[in-house]
Each structure stands twice: as C-alpha cells, then as structure tokens.
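Student: Just dropping this structure here.
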Amino acid sequence: VREWQKEGSKRYMCTGRPGWLTVSLRVGKYKKIHKNIMINLMDVLEVDSERQIVRVEPLVTMGQLTAHLNPMGWTIPVVPELDDLTIGGVIMGTGIESSSHIYGLFQHTCVAYELVLADGSLVRCSPTENSDLFYAVPWSCGTLGFLVAAEIKMVPARKYVKIHYQPVRGLQKICEKFTEESKKKENSFVEGLLYSLDEAVIMTGVLTDEAEQSKINKIGNYYKPWFFKHVETYLKADKTGIEYIPSRHYYHRHTRSIFWELQDIIPFGNNPVFRYLFGWMVPPKISLLKLTQGEAIRKLYEQHHVVQDMLVPMKSLEKSIQTFHVDLNVYPIWLCPFILPNNPGMVHPKGDEAELYVDIGAYGEPKRKQFEARASMRQMEKFVRSVHGFQMLYADCYMTREEFWDMFDGSLYHKLREEMNCKDAFPEVYDKICKDARH
C-alpha cells in the first residue's frame, strides 16, 4: 500500500486474488485495471480457549477452520456452507448458516477486525475501539481497507446433529411452521427446502454427543445420495424422520452437490453407479469451473441461470415465496432463518429492535416462460426493497446507484470513506458489484 502511495496513488487498489478463485459466479473486471495488492494470509493465528475466540487471517477457508477447530473440541457458531468460502469473503460480503436464527449473520459472530487502511496504517476495530469502522466493514466488499485478521467467537463442538425432517404441505402452513421453529432457541439449526410452491421439508437440528447407532447417517461420504435428494425422500413418502449426522458432515451437507447446482452441471451425478465409481471426484471446484468456462457458456449461464440470495423479514415470507414463484419459478428453494440485530452499518432492520429475517436462496434454471435475466431480476430487487429486504452482494445485481442505496444504509459507510480518504484508494461498493457500473 505504501508502494502504491509512492507511485502517486493513481488507480484504485483491490486484492490480488484472481477473480476465478472466488466462490461468487461473478467475474470482476476491476481486477484487470486496479492495482492488485497480494494478501497471501491463510493461517489460523491463535485459538484462545479462555476467551473462546479464534483469530484468523482472511484467506482461511471454512473447511480449513472447522478441520482445525473440531479436534480441539471447538467450532464457530455460524459455519457458512461451502468449504472454499474464505473468512475475508464472508466478512466483506456476508455468510449465513442454519444456526443464524440464534447467532445472526457471520459478521455478528466476529468480535474484532484488523485492517490495513488506505494510508498504510494497521488498525484494530471492535465494538469498543474504532467502533464506526467495526460496524461499517461487513458488506463493504473491501472498499474501506484490506482485512488482515479477524477474531471470531467459538462454541464447543458436538459429535452429532440430531436432525428431524418434517414434510409440510400448503404455503401458509409451510410459512407458519417455519416461522414457529425459527423462533425456538432450543433448535440449534433450522432450515427449509421448498420443492414446489406448496411442498417443503422443514428440518430442525440439535447438537448432541450421543446417537442411536442405527440412525447415524454419514451424508458427507462420497457415495451417499446428494443431501437435497435425500431430504426429498421424506416428502415423497410423506413421513417424518430422525437421523444423527456427524456434525462436520452436517455443516457441509450441501457442499458435494453445490446445493443443487451440480444437477445442471452433471445431470447424472446422483446416479448410484456414478456416485460409487466417481462420487469422490465431485464437487468440481467452483474455481475450476470458472477458469475453464468460455465466454459463450458464461453468457448462456447468465441469461438462463439464476443464483440469488434475498434476505427478507420473516413476516414477508409468504409474499416473498409467491414473488419468487412468479418471477423465477426455480426449485428447490433454500430457506434459512436469521436474527438481524439493530447494529449500525449497511444492513439492519427497519425498526429499533432485532428482527427475524429469512434468507431465500434460488439457485438453478428458471422455469418461468418469459425469463429474461435483467428484467426478471430488476422486478425481484424492487420487491425486496419494498419489504425492506437485502440482496446478497455475491450475485448479479441490476439496481441503479439510487436503488442500491435505497436498499442499503450508506450513512456510516460514506462518512468513513470520506474520513479515511478511501475515495482515491478504493471504488465505492456499488461500482465494484453492480452490473450498471461498467468497471
């Protein structure tokens, strides 16, 4: 960063990690024109069992962190799903898991960040020191400074998740049941998979060290059916069920099939013969898929495929699902509840109280007849703004600058960019992620 200053601070800075390595499907063009700052920091720095805090560098991945902490008897409260997601990515973007109805988003489990700012100084921020910066960092996508370390809360690990599968039919019933389970703190995990507008399986899980041997299901083994297909068997048979899943297998339950994206990439991937012979080869790394896909395939994907997470208040769930159905018609749909505290920063509820929200994830090929990526997504974004929801920033975003800052609260963010002279050092978050900002 100091070198960049010596050169006369002519162009914006960004991290030097190549775009194809990120888990987001977007390929950022800005990497080619900005000054790339290499940050090869990928170590777990310390595990403090006294304070129940783990201090890590930004390129530590979820898979690496859980593998490191579990044998020591610890885990983190919110373990976002895919192994390759990095700490830096889920702080600067966002991260969520089925435990978020208790702990909030990934950022809400962090207690401190260390950043290198545009002037080359190293700063630590927490709720008590440099608190403005602490609350402004999440969702800022690396436009306030370079994250070099983070301190995250730890919780004791357990061997198994005792999971209860319950098929529910009828949209109103699904929403009622899902809301009711999400409010219960005794559920360690809550998740819903919607297989059509009025069929879902709602799963609740509890952490435990004891298990009934006959009901243990190691779903992470390569020859096992994909998790979302396994869940669907409960819906088809119209029966509830209980299983014990080893906790690491549970945390990464959607990893092998990249949720259900792999069914479009390898349509025969869940075939038992394929699983037994070649299951160990999947999933292909998202980075490999991005590195090897040509421009034509990428365009085709953009037009005929949707990967979006929209965060909406729980009270708008039914209306939101209907909107997703009309505008996209993609199934399965992922439902993941989370509590959103009223902290300063870009994302907080409309009122003064913490509020229960839900992440609605749509991944796959829209079955809507007249699906047109831009028009359909603008329609969705407008709806999400109208219910005071938020769009995850890893996905394609078609909003104008005004619409974007209508969805997100930019007051603290803009104040800090002014104070810390970020304007010449980093692009604004909108310019980094939105389609209309042609950087």
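Student: Would you pick out the residues in region 400-419 that are in a loop (DSSP other than H, G, I, E, B), within 19 Å of H348 (Cα to Cα) and either of a type outside the set (A, V, I, L, M, F, W, C) or open to solvent by 10 Å² or more (accessible area, probe 1.4 Å) (or both)?
Tutor: Answer for region 400-419, where residues must be in a loop (DSSP other than H, G, I, E, B), within 19 Å of H348 (Cα to Cα) and either of a type outside the set (A, V, I, L, M, F, W, C) or open to solvent by 10 Å² or more (accessible area, probe 1.4 Å) (or both): D409, G410.
Student: Turning to a different aspect of this structure: Name the residue, out of Y222, Y276, Y250, Y195, that is within 20 Å of D84 (Cα to Cα) and out of contact with any strand residue (DSSP E or B) (no Cβ under 6 Å at 6 or more places or on another chain).
Tutor: Result: Y222 is the single residue among Y222, Y276, Y250, Y195 that is within 20 Å of D84 (Cα to Cα) and out of contact with any strand residue (DSSP E or B) (no Cβ under 6 Å at 6 or more places or on another chain).
Student: Test L115 against the criterion of being aliphatic (A, V, I, L, M) and open to solvent by 30 Å² or more (accessible area, probe 1.4 Å), and give yes or no.
Tutor: Spelling it out, it is not the case that L115 is aliphatic (A, V, I, L, M) and open to solvent by 30 Å² or more (accessible area, probe 1.4 Å).
Student: Related question: Considering only region 362-386, state which residues are open to solvent by 20 Å² or more (accessible area, probe 1.4 Å), in a loop (DSSP other than H, G, I, E, B) and at pLDDT 85 or above.
Tutor: Passing the criteria: E365, K367, R368, E372.
Student: Does K185 satisfy the condition of being open to solvent by 60 Å² or more (accessible area, probe 1.4 Å), assigned to a strand (DSSP E or B), more than 30 Å from N40 (Cβ to Cβ) and in contact (Cβ under 8 Å) with a residue 40 or more places away in the chain?
Tutor: The answer is no for K185.
Student: List the number of the failed condition for E81; all other conditions in (1) open to solvent by 30 Å² or more (accessible area, probe 1.4 Å); (2) at pLDDT below 95 hold.
Tutor: Unmet for E81, out of (1) open to solvent by 30 Å² or more (accessible area, probe 1.4 Å); (2) at pLDDT below 95: (1).
Student: Right, here's the next one. Would you pick out the residues in region 230-251 that are at pLDDT below 90 and out of contact with any helix residue (DSSP H, G or I) (no Cβ under 7 Å at 6 or more places or on another chain)?
Tutor: Those that are at pLDDT below 90 and out of contact with any helix residue (DSSP H, G or I) (no Cβ under 7 Å at 6 or more places or on another chain): none in region 230-251.
Student: While we're on this one: Can you pull out every residue in region 196-217 that is in contact with a helix residue (DSSP H, G or I) (Cβ under 6 Å, 6 or more places away or on another chain) and surrounded by fewer than 18 Cβ atoms within 10 Å (Cβ to Cβ)?
Tutor: L197, D198
Student: Here are C336, C397, C422: which of them is crowded, with 17+ Cβ neighbours inside 10 Å, of a type in the set (A, V, I, L, M, F, W, C) and without any contact (Cβ under 8 Å) to a residue 60 or more places away in the chain?
Tutor: C397
The values are calculated or read from the model by the stated rules, or taken from the named source; none is laboratory data. The structure presented is a predicted model; accordingly, all values stated were derived computationally and were not measured. No Cβ is skipped: glycine too gets one built from the backbone with ideal geometry, and neighbour counts run over all protein chains shown. Areas reflect the complete protein model, heavy atoms only, side chains present, ligands, DNA and RNA absent. Shrake-Rupley method; radii C 1.70, N 1.55, O 1.52, S 1.80 Å.
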